[in-house]
Amino acid sequence: PITGLFPHANPAELFVWLGIANGITQLGLPTSELAVRYFVAGVIVILIRGIITEKITLYMMKKKGMQV
(Lines give C-alpha, C1' and ligand atoms only; values in the text may rest on other atoms or scores of the structure.)
Protein backbone atom coordinates (compact mmCIF):
# COMPACT_ATOMS: atom_id res chain seq x y z
CA PRO A 1 0.00 0.00 0.00
CA ILE A 2 0.98 3.64 -0.42
CA THR A 3 1.42 4.06 3.34
CA GLY A 4 4.22 1.47 3.24
CA LEU A 5 6.24 3.64 0.90
CA PHE A 6 5.11 7.01 2.28
CA PRO A 7 4.15 6.72 5.98
CA HIS A 8 2.90 10.31 6.05
CA ALA A 9 0.21 9.53 3.45
CA ASN A 10 -3.36 9.38 4.66
CA PRO A 11 -5.29 6.44 3.15
CA ALA A 12 -8.56 8.40 3.31
CA GLU A 13 -7.05 11.23 1.26
CA LEU A 14 -5.80 8.72 -1.30
CA PHE A 15 -9.27 7.14 -1.49
CA VAL A 16 -10.88 10.53 -2.15
CA TRP A 17 -8.18 11.49 -4.67
CA LEU A 18 -8.56 8.24 -6.62
CA GLY A 19 -12.35 8.55 -6.68
CA ILE A 20 -12.28 12.10 -7.99
CA ALA A 21 -9.43 11.36 -10.40
CA ASN A 22 -11.40 8.41 -11.79
CA GLY A 23 -14.37 10.67 -12.51
CA ILE A 24 -12.13 13.31 -14.08
CA THR A 25 -10.50 10.65 -16.27
CA GLN A 26 -13.90 9.32 -17.40
CA LEU A 27 -14.82 12.85 -18.49
CA GLY A 28 -11.66 12.92 -20.60
CA LEU A 29 -10.08 15.74 -18.60
CA PRO A 30 -6.44 15.78 -17.43
CA THR A 31 -5.75 14.95 -13.80
CA SER A 32 -2.72 17.24 -13.63
CA GLU A 33 -4.87 20.32 -12.85
CA LEU A 34 -6.58 18.35 -10.08
CA ALA A 35 -3.17 17.39 -8.65
CA VAL A 36 -2.04 21.02 -8.61
CA ARG A 37 -5.26 22.09 -6.88
CA TYR A 38 -4.86 19.37 -4.26
CA PHE A 39 -1.27 20.48 -3.67
CA VAL A 40 -2.23 24.15 -3.29
CA ALA A 41 -5.11 23.27 -0.96
CA GLY A 42 -2.74 21.15 1.14
CA VAL A 43 -0.20 23.97 1.45
CA ILE A 44 -2.92 26.41 2.51
CA VAL A 45 -4.31 24.00 5.12
CA ILE A 46 -0.80 23.33 6.50
CA LEU A 47 -0.18 27.08 6.74
CA ILE A 48 -3.45 27.65 8.60
CA ARG A 49 -2.71 24.76 10.98
CA GLY A 50 0.73 26.20 11.72
CA ILE A 51 -0.63 29.67 12.44
CA ILE A 52 -3.35 28.32 14.72
CA THR A 53 -0.86 26.09 16.56
CA GLU A 54 1.44 29.06 17.09
CA LYS A 55 -1.40 31.21 18.47
CA ILE A 56 -2.55 28.45 20.83
CA THR A 57 1.03 27.91 22.05
CA LEU A 58 1.50 31.63 22.74
CA TYR A 59 -1.84 31.77 24.56
CA MET A 60 -0.95 28.79 26.75
CA MET A 61 2.50 30.22 27.52
CA LYS A 62 0.99 33.56 28.56
CA LYS A 63 -1.61 31.75 30.68
CA LYS A 64 1.17 29.97 32.59
CA GLY A 65 3.02 33.24 33.10
CA MET A 66 5.95 32.40 30.87
CA GLN A 67 7.91 35.08 29.02
CA VAL A 68 7.02 35.23 25.33
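Remarks
- Rounded tilt (10° steps) of 32-63 against the dominant C-alpha axis of the chain: 10 degrees
- Taking each DSSP H run with n ≥ 4 as -39500 (n - 2.57) and averaging over every residue of the chain yields -25500 deg cm²/dmol at 222 nm.
- Counting protein heavy atoms only, the chain has 70 percent of its accessible area on carbon and sulfur, 1.4 angstrom probe.
- Cleavage-rule hits, chymotrypsin sites (Phe, Trp or Tyr not before Pro), the range 9-60, DSSP coil, Cβ neighbours within 10 Å at most 14: none
- Alpha-carbon centroids, the range 16-33 and the range 38-53: separation in whole Å: 23 Å
- GluC sites (Glu not before Pro) within the chain, DSSP loop, no more than 10 other Cβ atoms inside 10 Å: none
- Mean projected area of the convex hull spanned by the Cα atoms of the chain, taken over all viewing directions: 6.6 nm².
- When the trypsin sites (Lys or Arg not before Pro) in the chain are filtered for DSSP coil states and for at most 13 other beta-carbon atoms within 10 Å of their beta-carbon, the remaining sites are 64.
- Rounded to the nearest 20, the Cβ-based charge dipole of the chain about its Cα centre (Lys and Arg +1, Asp and Glu -1) stands at 520 debye.
The values are calculated or read from the model by the stated rules, or taken from the named source; none is laboratory data. Not measured: the values here are computed from a predicted model. Glycine gets a Cβ as well: all are built from the backbone with ideal geometry, and neighbour counts include every protein chain shown. The area values use the complete protein model at the heavy-atom level, side chains included, leaving out ligands, DNA and RNA. Shrake-Rupley method; radii C 1.70, N 1.55, O 1.52, S 1.80 Å.
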